[in-house]
Amino acid sequence: MSSSNKQAGSLNEKAGISSHEITNASAIIQIRNKRRQQPSAEELISGILSGNRTVLSRAITLIESTNPEHTEKANEVIKGCLPNANKSIRIGITGVPGVGKSTFIEAFGTFLTELGKKVAVLAVDPSSTISHGSILGDKTRMENLVKNENAFIRPSASGENLGGVARKTRETIILCEAAGFDTIIIETVGVGQSETAVHSMVDFFLLLKISGAGDELQGIKRGIMEMADAIVINKADGDNIYKANQAKAEFNRALHLFPPKKSNWLPKATTCSAITKEGISDVWNSILDYFEMTKETGFFQQKRNEQNQFWMIETINEQLKQNFYNQPEIISLLEQNKKAVQNNEISPFAAAQLLLNKYKKSL
């Protein structure tokens, strides 16, 4: 095989592997050309507003990109979608791994689509701190919901962001709302500080728990309990129903010990089974009660306004961080100082100050 035929790429023939007989060379060329064609911001906005899911996925990929060249175009797309956003219910769902988040979300999402809702699920998949890879298996776990015409599932790798929340989840919400999805569900990784980040971008925060997994008091953690607007004991089926009801009673007693929420909403613990669908409608009714109460008191819009301010500051911080690390002078100086710190030639704090001073001079 000549060297010209050994180019890297998934569509190229590799040494020792013969092409399948049905491989069509012209089709491969068409696919490559299509991949090279980048739609304009106007085309992306138009496609999103018309509900084109393929265009929506491409736009989300654009805003998730860390390439500085994509930032301006992504901001233009977000700006074009903003007038058609903010018309959804945003629900955050968290729980430790193994609690059945994906199964619950599939059952809950299916229930909502049967009510005529259009549901977008933004599932954040944990990235490896070693290989930086991510399985992105939520579409596989939600195999029925992914086929639903009124549902859209977008798994994203957590990367190195706070608690595993994808860096651009907030902007993705805007795009999904502009595409006509009236219910946005955000699934957290369920470990670390992901709950805090998701809580800052949703209207209703749901904590999934299971019973029979050890000391129930281990589940009563002050931080996460204070954030939760509802606690749902999942897997309340079969022989586990009695234990689930016991856990519900314990959590309801614990909830009474916490100070009142700013919204004056009183969270409750309920049980459900994502397998039998028992209790799913009760969860939705509780969410509706919350929205009715908070909209009447004005807390709903107040919280949205506070979140917008929070994400403005977060965006500034993120942009400053990117600008710092993308400065050519900083890149080379950073490597030098890393080696100096490792060799104890300079303290980490002095090295950091040196880099920051250099950055200030370059502005």
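Here are some notes:
- The H on the amide N of Ile89, modeled in the peptide plane, is under 5 Å from the matching H of Thr183, Ile184, each at least 5 residues off or on a different chain.
- Protection-proxy order for peptides 72-85, 102-115, 286-299, each taking the mean of Cβ atoms within 10 Å per residue, highest first: 102-115, 72-85, 286-299
- Long-range HN-HN contacts of Lys209 with modeled amide H, under 5 Å: Val232, Ile233, Asn234
- Long-range HN-HN contacts of Val121 with modeled amide H, under 5 Å: Phe152, Ile153, Arg154, Ile185
- For region 110-121, 3J(HN,Hα) computed residue by residue from phi via the Karplus equation (6.51, -1.76, 1.60; θ = phi - 60°) reads 4, 4, 5, 5, 5, 7, x, 7, 10, 10, 10, 10 Hz, glycine and proline entered as x.
- Order of Tyr325, Tyr359 under a 10 Å beta carbon neighbour criterion, fewest first: Tyr325, Tyr359
- Multiplying the residue separation of Lys147 and Ser332 by 0.36 nm and subtracting their alpha-carbon distance yields 61.7 nm.
- Here the Karplus relation 6.51 cos²θ - 1.76 cosθ + 1.60, evaluated at θ = phi - 60°, turns the backbone of region 49-54 into coupling constants of 5, 8, x, 6, 6, 5 Hz, with x for every Gly and Pro.
- 29 Å Cα-Cα threshold exceeded, pairs from Lys168/Lys277; Lys117/Lys168; Lys235/Lys303; Lys168/Lys235; Lys73/Lys261; Lys268/Lys321: Lys168/Lys277; Lys235/Lys303; Lys168/Lys235; Lys73/Lys261; Lys268/Lys321
- Residues Phe258 and His70, FRET efficiency given R0 of 41 Å [Cβ-Cβ distance, rounded to 0.05]: 0.40
- Residue order, fewest to most beta carbons within 10 Å, for Ser281, Ser332, Ser156: Ser332, Ser281, Ser156
- Stretch gain in nm, segment Ser281-Lys361, where the contour uses 0.36 nm per residue and the Cα spacing is subtracted: 22.9 nm
No lab work stands behind these numbers, since they all come straight from the coordinates. Just so it is clear, the structure is predicted and the values come from calculations on it, not from any experiment. As a convention, Cβ positions derive from the backbone with ideal geometry for all residues, glycine included, and neighbour counts pool all protein chains shown.
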